[in-house]
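The next block holds one structure in the form of structure tokens; read it before the comments.
Every number here is computed from the coordinates shown, using simple stated rules; none is lab data. Being a predicted model, the structure only gives us computed values, none of them experimental. FYI the Cβ positions are ideal-geometry reconstructions off the backbone, even for glycines, and counts take in every protein chain you see.
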Amino acid sequence: MILSDTKILECIEKSEIVITPFDPKNMGGNSYDVHISKHLAQYTDGMIDAKKHNQIRHFEIPEEGYVLQPGQLYLGSTLEYTETHKHVPFLEGKSSTGRLGIDIHATAGKGDVGFCGFWTLELSCTIPVRIYAGMPVGQLIYYKVEGEVERVYSKKVNAKYSQQEALPKESMMWKNSF
């Protein structure tokens with residue numbers, strides 16, 4: 001079951017959902033619009049290795065915007081810090097973003113109960129497109145969880161992205177055993 005706007009607001013009042021900064025004008029009927037921060041990153045090597053801690057370089061979107069190039073992977077972050085203590089958050093791209101040819105995540109649209117932090121965006125595009133810090137980029141949708149959650153993300157010992165900071169975070173796949 002997807003939470004409605006009134007239910008999301010109820011959960012915010014009870015601190016079950018935290019969105020900072022929060023602005024009611026970003027509420028949809030069953031979602032909350034999030035924005036891209038000024039922070040971007042790219043991997044420094046021409047090839048990335050899933051078993052290696054691949055380094056990234058951080059940079060900022062200038063006031064005049066930044067042009068994303070096709071065939072490149074950019075890591076961005078949301079302007080909003082979020083916490084979700086009793087619901088499953090899903091981050092989806094806005095249709096306006098998709099119509100610009102921008103994908104905001106490759107596979108990581110679902111968060112876990114207990115995720116607290118800024119969302120890292122996996123940005124790619126089909127044609128060159130100029131983006132701006134603060135532009136709406138996605139929407140958070142919240143699902144109700146059935147049953148007790150035993151493994152809350154923020155309390156998991158091996159939670160690789162817990163308390164995610166404002167800067168985009170590189171893949172931590174290398175921390176897995178495979």
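Points worth noting:
- Counted charge near THR84, where neighbours are those whose Cβ lies closer than 10 Å (Asp, Glu -1; Lys, Arg +1): -2
- Ranked list, fewest to most other Cβ atoms within 10 Å of each Cβ, for LEU167, LEU123: LEU167, LEU123
- Under Karplus coefficients 6.51, -1.76 and 1.60, residue-wise ³J(HN,Hα) of region 162-178 in Hz, glycine/proline x: 5, 6, 4, 7, 5, 7, x, 10, 6, 5, 10, 3, 4, 7, 7, 8, 7
- Antiparallel bridges, percent of DSSP beta bridges restricted to the chain (to nearest 5): 95
- Listed from fewest to most Cβ neighbours within 10 Å, the set ILE8, ILE48, ILE131 follows the order ILE48, ILE131, ILE8.
- Straight-distance crosslink candidates among lysines, where the alpha carbon sits under 22 Å from LYS38 and sequence neighbours closer than 8 are dropped: LYS25, LYS94, LYS169
- Using a cut-off of 27 Å between Cα atoms, the listed pairs LYS14/LYS175; LYS144/LYS175; LYS52/LYS156; LYS14/LYS144 include LYS14/LYS175; LYS144/LYS175 as exceeding that distance.
- Cut-off 15 Å between beta-carbons: net charge of the residues surrounding VAL157, Lys and Arg +1, Asp and Glu -1: +3
- For region 110-151, there are no residues whose amide N sits under 12 Å from a probe point set 7 Å from the Cα of MET173 along the beta carbon direction.
- Relative exposure of GLU10, GLU92, GLU148, judged by other C-beta atoms within 10 Å (fewest first): GLU148, GLU10, GLU92
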